[in-house]
Ligand code: AMP
Ligand code: FE
Ligand code: FE
Ligand code: ZN
């Protein structure tokens with residue numbers, strides 16, 4: 001039987017709604033053989049996920065790094081999935097801590113903009129809602145829902161709200177630096193949803209070629225934010241550049257509608273990721 005592999009999921013350590021322990025249990029219940037925990041800019045979910053790992057499930061420890069490309073003005077934000085890296089690598093740890101702190105300040109500023117327009121959302125309540133996890137716009141979206149201003153997270157990301165009008169940039173990691181730091185920590189970088197034009201501006205293929213030369217290992221092709229044409233384009237580009245191709249749910253619990261395992265990665269790509277990591281952190285077996 002072909003193993004079911006989902007390499008991109010979020011827990012309450014960032015903007016998912018299941019705790020790390022609940023996440024791995026849900027992954028087993030969904031019939032997955034391999035799941036990666038990839039919270040935004042943190043490894044805080046690794047330990048609780050490991051401790052709760054159900055028998056027969058393999059856990060790939062990872063993170064999704066908030067990055068930026070400075071090739072145009074203003075810079076384009078993008079996400080790198082980083083797998084099996086040393087969570088104690090000092091430079092990477094420092095960058096993640098810096099990004100998380102900047103996210104708190106940015107969240108507070110977004111809330112100030114909303115409040116200046118008479119929208120009654122409370123920053124302390126939003127911060128409490130994040131429960132110590134990496135704060136993001138989905139947490140602010142929940143406050144907009146509670147206030148009855150929108151009914152869904154998707155609506156909160158519309159252009160009148162957090163998608164544009166009340167969107168502020170984050171202080172992301174320069175993407176070539178991120179690739180370098182992930183590799184230096186023994187990890188494997190994969191570009192998350194690289195063509196998701198529905199999320200905002202996307203980077204040119206030339207940048208992806210340059211990133212491949214700098215150590216990028218793969219591209220996420222099958223993702224709900226990619227149209228069929230975008231998925232095909234990503235596959236073609238990966239073949240051209242010799243990059244591996246993944247597919248994943250990018251599960252966020254009830255903050256999104258996608259289910260665990262709804263998109264998945266083939267065993268060859270998974271094996272390539274494991275082989276390319278330098279063994280500081282290994283795939284854990286439950
Ligand atoms: P932030 O990291 O604060 O910039 O917020 C981005 C996060 O919001 C992503 O990681 C997704 O979890 C979520 N997100 C982005 N766009 C949407 C959308 N259209 N609907 C629901 N969630 C979204
Ligand atoms: Fe997210
Ligand atoms: Fe992402
Ligand atoms: Zn994600």
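Each reported figure results from applying straightforward, stated rules to the coordinates on display, with no laboratory input. Because the structure is predicted, anything quoted here is derived from the model rather than measured. Every residue, glycine as well, gets a Cβ built from its backbone with ideal geometry; the counts of neighbours run over all protein chains shown.
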Rounded if a/c under 1.5, otherwise prolate or oblate - segment 104-157, Cα gyration tensor axes
oblate
What's the angle, to the nearest 10 degrees (0 to 90), between helix 137-146's Cα axis and the longest principal axis of the chain?
40 degrees
Checking the a/c ratio against 1.5 first, then a/b against b/c, what shape does the Cα gyration tensor give for segment 200-258?
prolate
State, as an integer percentage, the relative contact order of the chain based on alpha-carbon contacts under 8 Å between residues 6 or more apart.
26 percent
Taking the Cα atoms only, what angle lies between the long axis of helix 20-29 and the longest principal axis of the chain, rounded to 10 degrees?
60 degrees
Post the alpha-carbon centroid distance, segment 1-34 to segment 198-228, in whole angstrom.
23 Å
Distance between Cα centroids, segment 37-52 to segment 54-80: provide it in whole Å.
14 Å
Is the C-alpha gyration tensor of segment 137-286 telling us rounded, prolate or oblate? Criteria: a/c under 1.5 is rounded; beyond that, a/b larger than b/c is prolate, otherwise oblate.
prolate
Calculate, axis by axis, the spread of Cα positions in segment 1-159 along the three principal axes, and write the results as whole Å, longest axis first.
54, 37, 26
So what's Rg/Rh here for the chain, counting alpha carbon atoms and using the Kirkwood radius for Rh?
0.95
Largest fluctuation, 173, 119, 37 only, Gaussian network model of the chain with Cα springs under 10 angstrom, belongs to 119
To the nearest 10 degrees, how steeply does helix 205-214 sit against the main Cα axis of the chain, on a 0 to 90 scale?
60 degrees
For the residues 166, 83, what sequence is obtained by ranking on other C-beta atoms within 10 Å, fewest first?
166, 83
Percent antiparallel among DSSP beta bridges confined to the chain, rounded to 5, stands at 40 percent
For 110, 208, what's the fewest-to-most ordering of other Cβ within 10 Å of each Cβ?
110, 208
Ordered by fewest other Cβ atoms within 10 Å, a rough proxy for footprinting exposure, 151, 12, 246 read 151, 12, 246
Per-residue ellipticity at 222 nm for the chain, helices alone: DSSP H runs ≥ 4 residues times -39500 (n - 2.57), over residue total, nearest 500 deg cm²/dmol?
-11500 deg cm²/dmol
